[in-house]
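Have a look at the structure below before the remarks.
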Ligand code: FES
């Protein structure tokens, strides 16, 4: 029956994120009410084939975690860190361990590794094609044909 199917979107290849690193994606999702809404996420690679993902919104004041310098981690690389007021989050659980929203959580997203791809599950995106944020993927496949005289 239609309606029971889970939407899965490939958002990047596993090789695009090194272990211990994170990458943000600026997506749009369709809400249950059928409206398009910005859907900013961060994908963290915690191991060879282990990834965790969160909505890229700090539970304190709603900033992007990488606001400011673009960094997701504290200096030691042991916690996710919000660039606005410095809240520190457990990487695996998304729980705020220290800072102004201690005890609150980042909103998790469901990820699955399918083949060479990291896939987002259970949400309906406006576009199938995920774009890294900031947009650093200008189309370099476009060819300009110059005809010889
Ligand atoms: S908005 Fe993230 S710590 Fe304040």
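Table for the structure above
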| item | result |
| --- | --- |
| Selection within the range 92-107 - more than 16 Å from the ligand (Cβ to nearest atom) and in contact (Cβ under 8 Å) with a residue 24 or more places away in the chain | 92 |
| The lone exception for residue 70 - which of (1) within 16 Å of the ligand (Cβ to nearest atom); (2) modelled with pLDDT under 95; (3) at negative phi it fails | (3) |
| Unique match (being in a strand (DSSP E or B) and either touching a residue at least 60 places away in the same chain (Cβ under 8 Å) or touching a helix residue (DSSP H, G or I) at 6+ places or on another chain (Cβ under 8 Å) (or both)) among 15, 49, 40 | 40 |
| Only listed residue being modelled with pLDDT under 95 and surrounded by 15 or more Cβ atoms within 10 Å (Cβ to Cβ), chosen from 91, 30 | 30 |
| Given (1) more than 16 Å from the ligand (Cβ to nearest atom); (2) touching a strand residue (DSSP E or B) at 6+ places or on another chain (Cβ under 7 Å), number of the condition residue 47 does not satisfy | (2) |
| Any chance residue 110 is touching a residue at least 60 places away in the same chain (Cβ under 8 Å) and surrounded by fewer than 16 Cβ atoms within 10 Å (Cβ to Cβ) | no |
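The values are calculated or read from the model by the stated rules, or taken from the named source; none is laboratory data. Being a predicted model, the structure only gives us computed values, none of them experimental. As a convention, Cβ positions derive from the backbone with ideal geometry for all residues, glycine included, and neighbour counts pool all protein chains shown.
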